[in-house]
Amino acid sequence: MTTSLADSPLAPAYDRSAITTGIVHFGVGGFHRAHHAMYIDRLMREGKALDWGICGVGLLPADTAMRDALTGQDTLYSLTLKHPDGHLEPTIIGSIHRYLYAPEARAEVLDALTAPTTRIVSLTVTEGGYNIDDATGVFRTDAEGAVHDAANPGEPTTAFGYIVEALRRRREEGTAPFTVMSCDNLPGNGRVARAAVVSQARMSDPELANWIDTSVSFPNCMVDRITPRTTDEDIALVRSELGVDDAWPVVAEPFTQWVLEDEFPAGRPAYEEVGVQMVSDVVPYELMKLRLLNASHQALAHWGRPLGMTYGHEAAADPQIAAWTRAYLEREALPTLRPVPGIDLPAYVDSLFERFTNAAIADTLARLAFFGPSGMPKFVLPTIRENLEAGRSIRLGAALCAAWAWCAEGVDETGRPIPDAQDHLEDYGRRQRDGEEGAFLTNEEVFSDLGSDERFRSAFLAELAAIKEQGARARMEATLSED
Ligand code: NAD
């Protein structure tokens, strides 16, 4: 016997009919529902923040699935935390009180964005969603969506087109601008969001662009909670364990972290009362996460996949991969970090390995590796660059790049295809497989200047040749002991 989410004993006890929109969120995926929406729900459970309800917005055709799932269940959904010992911690989240699929509801989305009660616009549109050239950090003004939205500002199609048009209307109507808060996993996510919004505005109205640049706040933040893609097994688990029908539940690890710059001139929910760390400078926390946690994911994926592994916890439980990953963190990543206020870095590293081995999360290496062009270039290559500049060792970083390049050839050590291994790297992986030396490094979007750095190039090529000849295990052992 199952019930609806609304009838479940886990359903929120607060009065959802009293919720008003304070936040419009673009990109309602797993992560937003496990993170920002969960923090707002926590506040609502304490009888607070009912004026900070979330209006979710989907922009892409694939978002019709989220529209159907959420609108079919009063925008409620379950969030189930999976503890390492196997026990489940479920809640039903009620903070998203409205969902709009923008291609069918442009006027409603613009109305929600323009309403004076909307004071925050948050985003999780993935790293690729910012339309920023990785190599140059510049907004791509020739991208189809950007060109369309600049030519037709009143009929936006992208998140940035919507934000620009809404800010224009607010300014015209004398309404204070909202704060734009990126929650994507990008270094300087606020800075990147600012670049995207201001650049989009500059394409149609340079004067508006200047006003946005000086009048709108774009706080940076560091976010963390592993939220794997929902599987059919998760849907069945929620049905049997919670006794509810949920078309699109979210499962996540128990750990959650949000370090947020406190720059909200239009006001904000009392995030600090529900575990968010409000700071003046997020950079040290962000570097810690990108260079330790996210870089570790890359190591687990690029060593685990050639060995035929599927899951993050499988790779983390492999003593050799775990030892290699820890050595990379300790020898090459930690030396690039500044002290992080309030954080014991060696203890943070220990906690990472506890999280990685949580088998209940079953995060796939394909997903971890799929951060694709934004993965290694953001999580590992900056560490290599800094170590080169400081004259420190890059041995393990170069070996990890070689393992990654090897995966891009698309076949594991047993001869089986590596799923999604090639994606955007397909051409470089193929040319490399066909024997073109250094082909992988010619991907300028990924490597830019690093591809021609002689020290890096020779270390990478030597390591790639050695991996191909000796295999992953032998090279992990060799690179650990040779340093
Ligand atoms: P998801 O695939 O579940 O959802 C992504 C959402 O972004 C979807 O609504 C999709 O339509 C939208 N989107 C993608 N490209 C877009 C574009 N070009 N324009 C507009 N919308 C676009 O993914 P998720 O797990 O929710 O992750 C989203 C982001 O959250 C990640 O890219 C990452 O930056 C951040 N994050 C995720 C995790 C995690 O463990 N899942 C952890 C920390 C941070």
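The values are calculated or read from the model by the stated rules, or taken from the named source; none is laboratory data. Bear in mind the structure is a predicted one, so any value in this text is a computation, not a measurement. Methodologically, a virtual Cβ is constructed for each residue, glycine included, from the backbone with ideal geometry; neighbour enumeration extends over all protein chains shown. Side chains are part of the model used for accessible areas, which takes the heavy atoms of the whole protein and leaves out ligands, DNA and RNA. Shrake-Rupley method; radii C 1.70, N 1.55, O 1.52, S 1.80 Å.
Quick one: which of ALA360, ALA347 is closer than 21 Å to ALA301 by Cβ and either at pLDDT 90 or above or within 16 Å of the ligand (Cβ to nearest atom) (or both)?
ALA360
For ALA107, all conditions in the list (1) outside any loop (DSSP other than H, G, I, E, B); (2) open to solvent by 50 Å² or more (accessible area, probe 1.4 Å); (3) within 15 Å of the ligand (Cβ to nearest atom); (4) not aromatic (Phe, Trp, Tyr) hold save one; what is the number of the exception?
(3)
Within the range 253-369, considering only helices (runs of 4 or more DSSP H) that don't extend past its boundaries, which have at least 1 residues that are touching a strand residue (DSSP E or B) at 6+ places or on another chain (Cβ under 7 Å) and open to solvent by 10 Å² or more (accessible area, probe 1.4 Å)?
Because the criterion is at least 1 residues that are touching a strand residue (DSSP E or B) at 6+ places or on another chain (Cβ under 7 Å) and open to solvent by 10 Å² or more (accessible area, probe 1.4 Å), the helices (runs of 4 or more DSSP H) in the range 253-369 that meet it are 283-288.
Output yes when any residue across the range 59-72 is within 10 Å of the ligand (Cβ to nearest atom) and open to solvent by less than 10 Å² (accessible area, probe 1.4 Å), and no when none is.
Yes - at least one qualifying residue is present in the range 59-72.
Inspect all residues belonging to the range 133-151 and state whether any of them is of a type in the set (A, V, I, L, M, F, W, C), within 12 Å of the ligand (Cβ to nearest atom), free of Cβ contacts under 8 Å to residues at least 24 places away in the same chain and not assigned by TED's automatic domain parsing to the domain that holds ARG367.
There is at least one residue in the range 133-151 that is of a type in the set (A, V, I, L, M, F, W, C), within 12 Å of the ligand (Cβ to nearest atom), free of Cβ contacts under 8 Å to residues at least 24 places away in the same chain and not assigned by TED's automatic domain parsing to the domain that holds ARG367.
What are the pairs with Cβ atoms under 6 angstrom where one residue, in the range 24-37, is of a type in the set (Lys, Arg) and the other, located anywhere, is open to solvent by less than 10 Å² (accessible area, probe 1.4 Å)? Sequence gap at least six, or different chains.
ARG33/VAL250
Looking at the range 152-186, which of its residues are within 15 Å of the ligand (Cβ to nearest atom) and surrounded by fewer than 20 Cβ atoms within 10 Å (Cβ to Cβ)?
If the condition is that a residue be within 15 Å of the ligand (Cβ to nearest atom) and surrounded by fewer than 20 Cβ atoms within 10 Å (Cβ to Cβ), then THR157 is the only one that fits.
Restricted to the range 110-132, and to residues that are open to solvent by 30 Å² or more (accessible area, probe 1.4 Å) and of a type in the set (Ser, Thr, Tyr), which residue is nearest to the ligand (Cβ to nearest atom)?
Among them, the one singled out is THR126.
So, in the range 28-58, exactly how many residues are open to solvent by 10 Å² or more (accessible area, probe 1.4 Å), near the ligand (Cβ under 10 Å from one of its atoms) and in a helix (DSSP H, G or I)?
Counting residues in the range 28-58 that are open to solvent by 10 Å² or more (accessible area, probe 1.4 Å), near the ligand (Cβ under 10 Å from one of its atoms) and in a helix (DSSP H, G or I) gives 2.
Those residues that are open to solvent by 30 Å² or more (accessible area, probe 1.4 Å) and touching a residue at least 24 places away in the same chain (Cβ under 8 Å), I need them from the range 187-219; list them, please.
Within the range 187-219, PRO187, ARG191, ARG194, ALA195, SER199, MET203, SER204, ASP205, TRP211, SER215 meet the criteria.
Select, from THR20, THR64, the only residue that is over 25 Å from the mean Cα position of the chain (by Cα) and modelled with pLDDT of 95 or more.
THR20
Of all residues in the range 214-255, how many are acidic (Asp, Glu) and either near the ligand (Cβ under 10 Å from one of its atoms) or on the phi > 0 side of the Ramachandran plot (or both)?
The number of residues fulfilling the criteria is 2.
Yes or no, residue by residue, for (1) touching a strand residue (DSSP E or B) at 6+ places or on another chain (Cβ under 9 Å); (2) part of a helix (DSSP H, G or I); (3) surrounded by fewer than 23 Cβ atoms within 10 Å (Cβ to Cβ):
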| position | (1), (2), (3) |
| --- | --- |
| SER393 | no, no, yes |
| GLU413 | no, no, yes |
| GLY435 | no, no, yes |
| LEU441 | no, yes, yes |
| GLY451 | no, yes, yes |
| PHE460 | no, yes, no |
